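Colleague: Let me give you the structure first, and then I'll get to my questions.
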Amino acid sequence: MLMVEDFDSLLFSIAKACTSTFAVFIQIQGCFICLFLALGWALASYVRNREVRRLKDNMKAGNFFGFLCQDISELEHSMQIKLPRVSVVMPLKGFGEHNLQNWRSQITSLYGGPLEFLFVVESTEDPAYRAVSRLISEFKDNVDAKIIVAGLSTTCSQKIHNQLAGVEKMHRDSKYVLFLDDDVRLHPGTVGALTAEMIKTPEIFIQTGYPLDLPSGSLGSYCIYEYHMPCSMGFATGGRTFFLWGGCMMMHADDFRNDLYGVVSGLRDGGYSDDMTLAAIAGANKRLITSPPVAVFPHPLASDLTFSRYWNYLRKQTFVLESYMTKVNWFMNRALFTVHCYLSWGFVAPFFMATVHIAAALRSSAYPYEKTVSSTGLKLVGCLAVSVLIELLSMWNLTKVELQLCNMLSPEEPPVSLDSYNWILIFIALLVDNFLYPLSAFKSHFSQCINWSGVRYCLKDGKIDKIERSNQSGPLATKTYSDLGGKHLFGKKGVPPKLSFLSSLARNIAQWHQPKKFDS
């Protein structure tokens, strides 16, 4: 009994400390962080919803191809033959459960101009090589696509190395180059929409987009969804932005041919992150980055995405802040590092205090004749509950609008739905992700090394200084799949796979035609 009283006494003391001036400031600040996020998502949903209304108005006016172009006259042959050539470069590594459908969506684009697809792998032993070879043979008479074997990188990340290898092999007449990750599921009119913006506004340096995560049901997948949602505000501007996502970037091909502003040398000589490097170049030279409102892409997450793989993904996201090109770039990264860490724990701390207030209020019933808790604590709990409810409603609304936009931009695909989202897990993910982000950021800062899909990169002065490669029998062989997509990364030379590729292909096609959990 004495132990219970001692515990209650400690609890009431902590609750009283949580009503101090500083503690009240932290809790009110947490409410403002929630409301700020809600406002940002509301503005983002306004931009996306404006595009939804435009598509609906086009349909009412008789333009049922509004998902391809705003003016139906642009589909006339006389207009289509004038479209510039575009080279699509896709750096690949491994083969996962959603890759086949993603690649299909990319090579079946309804862009009317000359279009080539360059799939770039590091070696023929990569499972992606066999998968893409089969896919290309299936569409060989309908698309201009080929595979490029880039070899191993020595001065930059493997992804950047593959991208530059693709740029070297692109058609000499290509006016634009579009970089896509293998987890991007394009809409039929995406390439055309991006190209139209580049033609309309020649001063655009880079066009980009952003994914809308479709969680698979695990806590790890919801944490990734929650991590991406605040970032999505910067891409839902409908135009100019300061943010850049490496999964979708369209640029002028001549910028690479001429190494404008050092885009090639900046990436090749120690580059770790393609988007952070190019964003730094754009900022240093005051060049325009835009994100059109239609550039939002469904991003189904792996069905077996474990929490440990989410943690490794988060580590890679925080590690990019350790790479930089200039002192100004370093300062911006440090500012972003500090602000993000402060806001993350500033968001989480009020929930710990609210738990203390609630626990103290519940235990106070055992001491009816003593004033053990202050009403201030419960008022702060109420304010936090209202703020987080508004935040979740705003997140729900943005997700709903973006799902609707994705469905309208890909009318041939099974519709994705909001029904499969678990909002209790989303709330938990809000707390977990914001609590872990500073831990991941500090670990990245002090380690200066990261394991990215079996390759260990170490930085020095913001650039890659050392690359250590794992193999399936070597000391670094900790896994044979990527952390986000669940992709098989390593092939066994001379050893047939346990499951034939035709069987795997048939299974993936069957899954493609069947509704998924996120298609319900």
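The values are calculated or read from the model by the stated rules, or taken from the named source; none is laboratory data. The shown structure was predicted, so the numbers you read here are calculated from the model rather than taken from an experiment. Here the Cβ is made from the backbone with ideal geometry for all residues, glycine too, and neighbour counts use every protein chain on show. The accessibility values were calculated without ligands, DNA or RNA, using every heavy atom of the protein model including side chains. Shrake-Rupley method; radii C 1.70, N 1.55, O 1.52, S 1.80 Å.
Colleague: At each listed q (0.19, 0.26, 0.28, 0.33 Å⁻¹), what is the log10 of I(q)/I(0) that the Debye formula gives for segment 205-247 modelled as equal alpha-carbon point scatterers?
Modeller: -0.60, -0.90, -0.98, -1.19
Colleague: Also, I was wondering about something else. If you restrict to DSSP beta bridges whose two residues both lie in the chain, what percentage is antiparallel, to the nearest 5?
Modeller: Numbers: 21 of 45 bridges.
In the chain, approximately 45 percent of DSSP beta bridges are antiparallel ones.
Colleague: Would you mind calculating the gained length between Lys460 and Ser417 on full extension (0.36 nm times residue separation, minus the Cα-Cα distance), in nm to one decimal?
Modeller: 11.0 nm
Colleague: Under 9 Å from the Cβ of His171, count the other residues' Cβ atoms, weight Lys and Arg +1, Asp and Glu -1, and hand me the total.
Modeller: Combined, the nearby Lys, Arg, Asp and Glu give 0.
Colleague: Let me ask something additional. For Asp465, which sequence-distant residues (separation of 5 or more, or a different chain) have an amide H within less than 5 Å of its own amide H, given hydrogens modelled in the peptide plane?
Modeller: Amide H neighbours of Asp465, under 5 Å, 5+ apart: Cys458, Leu459, Lys460.
Colleague: Now, a different point. Using 0.36 nm per residue, how much length does the chain from Leu336 to Arg54 gain when fully extended, once their Cα-Cα distance is taken away?
Modeller: Result: 98.0 nm gained on full extension.
Colleague: Mind checking the dipole of the chain: about its Cα centre, +1 per Lys or Arg Cβ, -1 per Asp or Glu Cβ, Debye to the nearest 20?
Modeller: Around 440 debye, computed over the chain.
Colleague: At what distance in nm do the modelled label points of Lys200 and Ser9 sit from each other, each positioned 7 Å from its Cα along Cα→Cβ?
Modeller: Taking the two extended label points, one gets 7.1 nm.
Colleague: Using a Förster radius of 30 Å, what is the FRET efficiency between Thr306 and Glu468 based on their Cβ-Cβ separation? Nearest 0.05, please.
Modeller: Approximately 0.80, to the nearest 0.05.
Colleague: Which of rounded, prolate or oblate describes segment 25-96 when judged by the alpha-carbon gyration tensor and an a/c cut-off of 1.5?
Modeller: oblate
Colleague: Divide by every residue of the chain the summed helix terms, -39500 (n - 2.57) for each DSSP H run of at least 4, and state the resulting mean residue ellipticity at 222 nm, rounded to the nearest 500 deg cm²/dmol.
Modeller: Working: 16 runs with 263 residues, N = 520.
That comes out to -17000 deg cm²/dmol.
Colleague: Note the angle between two axes, namely the Cα long axis of helix 2-17 and the longest principal axis of the Cα atoms of the chain, as a number of degrees from 0 to 90, rounded to the nearest 10.
Modeller: The answer is roughly 70 degrees.
Colleague: Additional query: Just order 306-317, 204-215 by mean Cβ neighbour count inside 10 Å, highest at the front, would you? Can you show the working numbers first?
Modeller: On the way: 306-317: 18.5, 204-215: 23.5.
My ranking of the peptides, most packed first, is 204-215, 306-317.
Colleague: For segment 1-156, with every protein chain kept in place, what is the accessible area per residue (1.4 Å probe, Å²)?
Modeller: 51
Colleague: Percent of accessible area on segment 327-393 owned by carbon and sulfur, 1.4 Å probe?
Modeller: Carbon and sulfur: 76 percent of the exposed surface of segment 327-393.
Colleague: A further question follows. In whole percent, and with a 1.4 Å probe on the protein chains, what portion of the accessible area of segment 1-115 is carbon and sulfur?
Modeller: 68
Colleague: Would you mind pulling out the separation of the Cα centroids of segment 133-172 and segment 327-341, in Å?
Modeller: Centre-to-centre (Cα) distance: 34 Å.
Colleague: Something else: Just to confirm my understanding: which cysteines in the chain have no other cysteine beta carbon less than 4.7 Å from their beta carbon?
Modeller: Flagged as lacking a Cys partner: Cys18, Cys31, Cys34, Cys69, Cys156, Cys223, Cys231, Cys248, Cys341, Cys383, Cys406.
Colleague: So, in Å, what gap is there between the alpha-carbon centers of segment 192-215 and segment 401-476?
Modeller: Value for the Cα centre distance between the two parts: 22 Å.
Colleague: Still on this model: Once you list every other residue whose beta carbon is under 11 Å from the beta carbon of Val143, what net charge do they have if Lys and Arg are +1 and Asp and Glu are -1?
Modeller: Once all neighbours under 11 Å are counted, the net charge is -1.
Colleague: Percent relative contact order of the chain, based on C-alpha pairs within less than 8 angstrom and at least six residues apart?
Modeller: In percent, rounded to a whole number, it is 22.
Colleague: What translational D, rounded to a whole number of µm²/s, comes out for segment 357-432 from Stokes-Einstein when the hydrodynamic radius is the Kirkwood one over Cα pairs, at 20 °C and 1.002 mPa s?
Modeller: 136
Colleague: Mind checking the log10 I(q)/I(0) for segment 310-421 at q = 0.09, 0.19 Å⁻¹? Debye, one equal scatterer per Cα, no solvent, two decimals.
Modeller: Log10 I(q)/I(0), no solvent term: -0.52, -1.05.
Colleague: Further, regarding this structure: If you project the alpha carbons of segment 14-60 onto the principal axes, what extent comes out on each, in Å, largest first?
Modeller: Result, largest extent first: 61, 13, 7 Å.
Colleague: What does the charge count around Thr195 come to, taking other residues whose C-beta lies under 13 Å from its C-beta (Lys +1, Arg +1, Asp -1, Glu -1)? Walk me through the numbers on the way to the answer.
Modeller: Values: positive: Lys82, Arg85, Lys175, Lys200; negative: Glu74, Glu197.
Its environment carries a net charge of +2.
Colleague: Right, next: How many nm is it between the label spots at Ser73 and Asp173, if each spot is 7 Å from the Cα in line with the beta carbon?
Modeller: The answer from the label model is 2.7 nm.
Colleague: Roughly what angle does helix 274-284 make with the longest principal axis of the chain, taking Cα atoms, 0 to 90 degrees, to the nearest 10?
Modeller: So the helix axis and the longest Cα principal axis differ by about 90 degrees.
Colleague: Hey, another quick one. In whole angstrom, and with the biggest value first, how far do the Cα coordinates of segment 95-192 range along each principal axis?
Modeller: Computed over the Cα atoms, the extents are 38, 32, 22 Å.
Colleague: Output the peptides 43-55, 142-154 sorted from most to least packed, where packing is the average of other Cβ atoms within 10 Å over each peptide's residues.
Modeller: Going from most to least packed, we get 43-55, 142-154.
Colleague: Treat each spin label as a single point 7 Å out from the Cα along the C-beta direction, and report the Leu35 to Ser137 distance in nm.
Modeller: It works out to 6.3 nm between the two label points.
Colleague: Considering every pair of different Cα atoms, what Kirkwood radius, in Å, is found for the chain?
Modeller: That comes to 24.8 Å for the chain.
Colleague: Leaving out ligands and nucleic acids, and using a 1.4 Å probe, what accessible area per residue does segment 168-290 come to in Å²? Intermediate values should be presented prior to the final figure.
Modeller: On the way: 4040 Å² over 123 residues.
Per residue, segment 168-290 has an accessible area of 33 Å².
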